[in-house]
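Accompanying notes for the structure given below.
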Amino acid sequence: MTTLPLTPVLHEFLIKHSLREHVLLARLREETAHRPDADCEIAPEQGQLMALLVEIVQPKRILEIGTYTGYSSLAMGLAMPPKCQLTTCDIDPKATSIAQRYWAVAGLADRIELILRPGLEYMAEIEQGSIDMIFLDCDKQGYPAYYKRSVELLKQSGVLMVDNMFWGGEVADPGKDDADIRAIRELWELAHTDERMNNTVLPIADGLLLGWKR
């Protein structure tokens, strides 16, 4: 089977004919684009996929590690069922203050909780088997540890999403080797061999690991 590369022309076609971006998400993306670290934000088509997964799963509790300016939490929050709560964890009060502003405008301030603490530290306090969905987009060197703890925290049939599995293509480049790349490669191996999970990596944006807990 032939796999077409997502060329700039094809990507533009995808965005034009597939993306239905909420006005607040578009506004947040535009504001974030002016930041020097704007490449930390997820792609809008990925946000749309994550929102779709929220609508399918109908979770009661979502955990996000890595908030940044809040695009992913806002995308999921806008799709949450009425009784769902989302907790997101980060250590940057300036970037997350932007997120909080948009949550408030969207009417989600009481349903999205921000925890300003290191992610693994906070995850250690959460009851195992209590989370329906988890999204990881945090420090890459911690990815293996975040993955292991996430699997423990997920309920049966819970869903895990992990961003940046391609790391700009460098994860597959034998000439590239630093701490971030080694950690992401370790996560690939963990996800591939973990019999507790049904994992796959979707070629969307920078590579999204999608897992379902058996």
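Couple of notes before you dig in:
- Criterion violated by GLY47 - all others in (1) farther than 20 Å from LEU208 by Cβ; (2) of a type outside the set (Asp, Glu); (3) surrounded by 14 or more Cβ atoms within 10 Å (Cβ to Cβ) satisfied: (1)
- For the residues VAL162, VAL171, the requirement of being of a type in the set (A, V, I, L, M, F, W, C) and farther than 23 Å from LEU19 by Cα singles out VAL171.
- Those residues of segment 146-182 which are hydrophobic (A, V, I, L, M, F, W, C), crowded, with 17+ Cβ neighbours inside 10 Å and part of a helix (DSSP H, G or I), in sequence order: VAL151, LEU153, TRP167, VAL171, ILE181
- Breaking point among (1) out of contact with any helix residue (DSSP H, G or I) (no Cβ under 9 Å at 6 or more places or on another chain); (2) polar (S, T, N, Q); (3) modelled with pLDDT of 95 or more, for THR32: (1)
- Residue in segment 183-214 that is farthest from THR7 (Cα to Cα), counting only those that are basic (Lys, Arg) and outside any loop (DSSP other than H, G, I, E, B): LYS213
- Residues in segment 158-214 that are more than 22 Å from ALA51 (Cα to Cα) and among the hydrophobic types (A, V, I, L, M, F, W, C): TRP167, VAL171, ALA172, ALA179, ILE181, ALA183, ILE184, LEU187, TRP188, LEU190, ALA191.
- Residues in segment 195-213 that are surrounded by fewer than 19 Cβ atoms within 10 Å (Cβ to Cβ), more than 21 Å from LEU19 (Cα to Cα) and not β-branched (Val, Ile, Thr) were compared, and the one that is nearest to the chain's Cα centre (by Cα) is TRP212.
- Here ASP90 meets the list (1) charged (D, E, K, R); (2) over 22 Å from PRO203 (Cβ atoms); (3) surrounded by fewer than 21 Cβ atoms within 10 Å (Cβ to Cβ) almost entirely, failing just condition (3).
- Taking the criterion of being of a type in the set (Asp, Glu) and in a strand (DSSP E or B), the only residue of segment 123-144 that qualifies is ASP132.
- Selection count where residues are over 19 Å from the mean Cα position of the chain (by Cα) and small (Gly, Ala, Ser), scope segment 76-133: 6
- Taking the criterion of being of a type in the set (A, V, I, L, M) and in contact with a helix residue (DSSP H, G or I) (Cβ under 6 Å, 6 or more places away or on another chain), the residues of segment 63-79 that qualify are ILE65, LEU74, ALA75, MET76, ALA79.
- Scanning segment 110-124 for residues that are within 19 Å of PRO93 (Cβ to Cβ) and surrounded by fewer than 15 Cβ atoms within 10 Å (Cβ to Cβ) yields GLU113, LEU116, ARG117, GLU121.
The values are calculated or read from the model by the stated rules, or taken from the named source; none is laboratory data. Keep in mind that what you see is a predicted model, and the values were worked out from it rather than measured. Cβ atoms come from the backbone with ideal geometry, glycine included; neighbour counts cover every protein chain shown.
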